[in-house]
Amino acid sequence: MSKKNEINNNFLEDLSDLISTNSSQKIKELICDLHIADIAEIISEISIDKANYLFQLIDEEKSALVLMELEEEVREHLLSLLSSKEIATEVIENLESDDATDVISELPERQKEEVLSLIEDNDHASDISDLLNYPEDTAGGLMAKELIKVNENWNTLQCLKEMRKQASEVKKVHTIYVVNDNDKLIGSLSLKKLLLTETKVEIKEIVNTDLISVPDREDDESVANIMNKYDLIVIPVVDKNGVLLGRITIDDVMDVVKEEAEKDYQMASGITEDVESSDSVWQLTRARLPWLLIGLFGGLLGANIIGFFDIENNFELAFFIPLIAAMGGNVGVQSAAIVVQGLANDSIKINTIFSKLTKELGVALLNGITCSAIIFGATAVLQYPIGLSITVSLSLLAVIVFAALFGTFVPLTLNKYKIDPALATGPFITTVNDILGLVIYFLIGLAIL
């Protein structure tokens with residue numbers, strides 16, 4: 001049973017005191033019943049020296065799993081304290097092939113081959129070597145090789161015997177896969193049906209052929225969308241010939257979803273690289289500065305536009321510049337965010353793009369008319385000239401409609417050209433809408449006033 005509720009500041013202080021006095025036996029008693037995620041949290045909260053000491057006290061099988069729960073930089077530090085032999089025998093051999101591959105891929109190039117050569121289980125080493133050949137953002141890069149498979153020509157008795165042998169290599173059995181003599185995936189096998197069927201019946205007679213699989217080169221985001229769409233906790237991976245290669249579980253997909261969400265959030269915030277709070281000042285600056293410079297030049301361009309349109313005779317126009325710019329930016333980001341979300345969960349198809357643009361136009365018109373009516377009433381109450389009230393109201397309507405369509409069109413265009421559409425939800429949309437919104441505002445002002 002997990003002792004999560006006990007992990008608080010007092011717990012961490014007591015543990016730190018025990019580490020300071022090298023009370024290894026008491027520490028083992030304190031953490032022996034904790035969940036691996038709780039131990040990983042503790043390691044992340046204490047100093048790195050104390051984390052090193054604590055990690056050495058965890059038994060091999062548990063310490064390998066704890067490593068996979070840690071942030072990458074903490075994991076790399078702890079691995080750097082181990083020899084290649086220790087990594088191979090104490091870590092890699094206690095992990096399934098997908099997690100083991102992730103650990104080895106983080107090692108320095110010179111150490112990867114050395115660790116692989118020191119793995120005593122040749123089949124495990126071979127599986128890891130195969131997985132290292134896949135890009136990490138593909139189904140092959142996500143999958144684990146450990147699974148249970150049976151031949152369609154076996155009878156139920158032979159099937160049970162073979163399953164017992166294979167189960168010793170698999171930590172958690174999700175599905176029993178059925179293959180033919182060429183290892184081509186045929187379908188899945190219900191354990192209930194297997195147990196209730198007579199011993200001499202062949203598997204091909206009770207196999208379920210209604211099974212969804214993904215090719216090994218499928219993009220990881222597509223895999224996540226497929227598993228989400230069909231509510232799958234595991235999905236098999238096949239090669240171009242349909243040969244069963246491995247399986248992907250829901251926990252691996254959740255990691256992908258989390259990483260993509262973090263990346264999209266950073267991009268929407270104007271951060272161009274994947275960064276962590278622990279990165280150096282230079283790395284953080286390099287990631288943030290490009291879009292700040294773009295915003296800076298956008299502001300200069302906006303200032304030139306204001307200077308180009310002589311507003312000395314209608315200086316009241318300047319009062320509403322922040323309003324026009326803010327509304328355009330907000331509407332654009334709202335529309336872009338909706339489209340990016342739809343593209344991410346695959347709910348926007350080619351044949352639905354026109355209807356999406358039409359809907360956004362309708363929403364923009366309704367929002368624009370509402371906001372324009374409010375601003376017209378407000379300026380009238382504040383006794384601004386009627387011409388100015390009409391100018392601001394019409395400009396606001398035009399800017400809202402334009403920003404909504406622009407915010408919808410840009411991510412769709414970026415997606416068409418294989419550019420991450422999340423790029424459209426950040427400073428790009430707000431900067432462009434600020435500039436074009438001012439142009440629309442002053443053109444309408446020039447025409448009316």
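The values are calculated or read from the model by the stated rules, or taken from the named source; none is laboratory data. No experiment lies behind these values; they were computed from the predicted model shown. In this analysis, Cβ positions are derived from the backbone assuming ideal geometry, glycine residues included, and neighbour counts consider all displayed protein chains.
Below, the figures for the structure above:
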quantity	calculated
First in the range 75-89 and assigned to a helix (DSSP H, G or I) and of a type in the set (D, E, K, R), second anywhere and surrounded by 15 or more Cβ atoms within 10 Å (Cβ to Cβ) and modelled with pLDDT of 90 or more, Cβ under 8 Å, 6 or more apart	75/67; 75/68; 75/103; 85/118
Sole exception among (1) exposed (fewer than 14 other Cβ atoms within 10 Å of the Cβ); (2) out of contact with any Leu (no Cβ under 6 Å at 6 or more places or on another chain); (3) more than 24 Å from residue 172 (Cα to Cα) for residue 85, by number	(2)
Residue list for the range 314-329, restricted to those being of a type outside the set (Gly, Ala, Ser) and touching a residue at least 60 places away in the same chain (Cβ under 8 Å)	314, 316, 317, 320, 321, 323, 324, 327
Any hit, the range 324-343, residues being over 19 Å from residue 444 (Cβ atoms), in contact with a Leu (Cβ under 7 Å, 6 or more places away or on another chain) and surrounded by 14 or more Cβ atoms within 10 Å (Cβ to Cβ)	yes
Breaking point among (1) under 26 Å from residue 251 (Cα atoms); (2) part of a helix (DSSP H, G or I); (3) not charged (D, E, K, R), for residue 34	(2)
Selected residue (only one of 293, 301, 323, 317 is over 30 Å from residue 374 (Cβ atoms) and either in contact with a Lys or Arg (Cβ under 9 Å, 6 or more places away or on another chain) or not aromatic (Phe, Trp, Tyr) (or both))	293
Yes/no for residue 156 being under 20 Å from residue 174 (Cα atoms) and not charged (D, E, K, R)	yes
Residue in the range 48-71 that is surrounded by fewer than 17 Cβ atoms within 10 Å (Cβ to Cβ), assigned by TED's automatic domain parsing to the domain that holds residue 19, assigned to a helix (DSSP H, G or I) and within 23 Å of the chain's Cα centre (by Cα) present	no
Test: residue in the range 352-363 that is of a type in the set (A, V, I, L, M) and at pLDDT 90 or above	yes
Test: residue 313 is surrounded by fewer than 17 Cβ atoms within 10 Å (Cβ to Cβ) and in a helix (DSSP H, G or I)	no
Which numbered condition residue 317 misses (of (1) touching an Asp or Glu at 6+ places or on another chain (Cβ under 9 Å); (2) farther than 20 Å from residue 405 by Cβ)	(1)
